[in-house]
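Enquirer: I'd like to ask you about the structure that follows.
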Amino acid sequence: LFSMNARYSNWFLGLSKEQRSLFVSEMSQKYGTIMAEINTPWYEHIVPINSLYMECYSVLDLRGRPVHPKDAFTFFKSFGIDQIHPTMSAPVPPKRKKPISPGELEDVLNKESHKNRIRASGGYKLDGKKYIGHVYFKQHTIQELEGVVNEIRDMPNTEGAVLYLTDAKSDAVIGLVKVKSSEYVIRRRLRENLKGGLFGPLRRGEIKEFPPSKEKLLAKSGSKKKNQKKAAIGSKSLNHVLGVTRDRIYKGCRKLTHVPGCSELWEEWFAFGKGFSEWWVESRLLNGYNPEKVNLEAVLEEAKIRIASLYAEYVAISEEKQR
């Protein structure tokens, strides 16, 4: 909430006196609400987020109904709210010059997630650049609908798009359709498979190569409920957990039948998920061979808040190997 308020305040106070007056007038007499989403590098979803920004995507009228997108984006531009990305795809993080060593991970994570700026004295300081923009917008005819839907589904590095169906004569909005990209659906399923099969057991101290500290054991014992089963501390090997995770990914990919091309492509999706999980265990956990060198807290924090950037890092490394 603070981030959104701060971005809005920074933008609004940057307008001229006349623009501020006009904006207040428009928002009280003609429009009711601006719909926007805050994007933070300290909590990615599935798409990489390299910087802090707020993305506007809709304007509601005084009755709470969306206005025609053409009017909404004209309104945004009149107050200096411009399109952030040139296409539906968000930019991927810059390629690393070298792999991150276990000792560097915490510092790199704090820098790339902007957590160091959040924790700085006085909080997250704005540096004068634009923090508010609007989403990619393009108009199409109804005859192009099928092609547009296919284009969205095939687009990388995006959650998808919302299609506004409007009446050609009156410009009234008559329906909204959300279309997810196939990559988003697949990688979200992969994330859930990783959380249940690998990240969860690691966090709970169930992997024998990475036992919990005495402090965590005491905290776990003190918080145990009356009928709660005894935790399986260190009961599983890393290799076993990785195998279970591969099975989860395999089954998860085969069940993505609602994604176009599943019957032909699920093996390719599985190969990506399997490769990612093995790369992550090697690069972040050192395959369990030197657990004393692994900053487990930073490893799990990165997996939680920067999963999209981890995907991007794996893709970049895989592409480099194929050259």
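Please treat every number below as a calculation from the coordinates, not as lab data. These numbers come from a predicted model, not from an experiment. Positions of Cβ are backbone-derived with ideal geometry, glycine not excepted, and every protein chain shown enters the neighbour counts.
Enquirer: Given a Förster distance of 41 Å, report the FRET efficiency between Ile118 and Thr141 from their Cβ-Cβ distance, rounded to the nearest 0.05.
Expert: Once rounded, the FRET efficiency stands at 0.35.
Enquirer: Using DSSP H assignments, which helices in the chain have an axial alpha-carbon span of 30 Å or above and a mean Kyte-Doolittle hydropathy of -0.5 or higher? Mind dumping the intermediate values first?
Expert: Values: long enough: 262-285 (33 Å, -0.34).
Length and hydropathy pass: 262-285.
Enquirer: Then there's this: Does segment 31-93 come out rounded, prolate or oblate, given a ≥ b ≥ c as the square roots of the eigenvalues of its C-alpha gyration tensor, rounded meaning a/c under 1.5 and, failing that, prolate meaning a/b above b/c? Please list the in-between numbers first.
Expert: Numbers: a/c = 2.55, a/b = 1.89, b/c = 1.35.
Verdict is prolate for segment 31-93.
Enquirer: Also: Going by a ≥ b ≥ c, the root eigenvalues of the Cα gyration tensor, does segment 60-148 fall in the rounded group (a/c under 1.5), the prolate group (a/b larger than b/c) or the oblate group? Intermediate values should be presented prior to the final figure.
Expert: Working: a/c = 3.33, a/b = 1.75, b/c = 1.90.
Taking the square roots of the gyration eigenvalues as a ≥ b ≥ c, segment 60-148 is oblate.
Enquirer: Sticking with this structure for a sec: Simple spin-label model, 7 Å along Cα-to-Cβ: His85 to Glu320 in nm?
Expert: Inter-label distance under the simple model: 2.3 nm.
Enquirer: Rg and Dmax of segment 75-115, Cα atoms, in Å?
Expert: 16.5, 49
Enquirer: Right, next: What percentages, rounded to whole numbers, describe P(r) for the chain computed over all alpha carbon pairs with 20 Å bin width beginning at zero?
Expert: Reading upward from the zero bin: 26, 50, 23, 1.
Enquirer: How long are the semi-axes of the equivalent ellipsoid of segment 1-122, defined as square roots of 5 times the Cα gyration tensor eigenvalues? Whole Å, largest first.
Expert: Numbers: eigenvalues 238, 58, 29 Å².
Semi-axes (√(5λ), whole Å): 35, 17, 12.
Enquirer: Another question, then. Can you tell me how segment 123-204 classifies by the Cα gyration tensor, rounded, prolate or oblate, using a/c under 1.5 as the rounded cut? Mind dumping the intermediate values first?
Expert: Values: a/c = 3.04, a/b = 1.48, b/c = 2.06.
Judged from the Cα gyration tensor, segment 123-204 comes out oblate (a/c at least 1.5, b/c at or above a/b).
Enquirer: Nearest 5 percent is fine: what portion of the DSSP beta bridges confined to the chain is antiparallel?
Expert: Working: 16 of 21 bridges.
So the antiparallel bridges in the chain amount to around 75 percent.
Enquirer: Now for a different question. Highest first, please rank the peptides 5-15, 199-209 by the mean number of other Cβ atoms sitting within 10 Å of their residues.
Expert: Numbers: 5-15: 14.5, 199-209: 18.8.
Most protected by this proxy first, the peptides run 199-209, 5-15.
Enquirer: Moving on. Using 22 Å as the Cα-Cα cut-off, could you pick out the over-long pairs in Lys95/Lys304; Lys195/Lys274; Lys111/Lys304; Lys95/Lys251; Lys98/Lys251?
Expert: Values: Lys95/Lys304 20 Å; Lys195/Lys274 14 Å; Lys111/Lys304 16 Å; Lys95/Lys251 31 Å; Lys98/Lys251 34 Å.
Cα-Cα > 22 Å for Lys95/Lys251; Lys98/Lys251; rest within.
Enquirer: What is the antiparallel percent of DSSP beta bridges lying wholly in segment 51-179, to the nearest 5? Walk me through the intermediate numbers first.
Expert: On the way: 7 of 11 bridges.
Restricted to segment 51-179, the bridges split so that about 65 percent are antiparallel.
Enquirer: Let me ask you something else. Based on the mean of other beta carbon atoms within 10 Å per residue, what is the order of 182-191, 56-65, most packed first?
Expert: Working: 182-191: 20.5, 56-65: 14.7.
Highest to lowest by the protection proxy: 182-191, 56-65.
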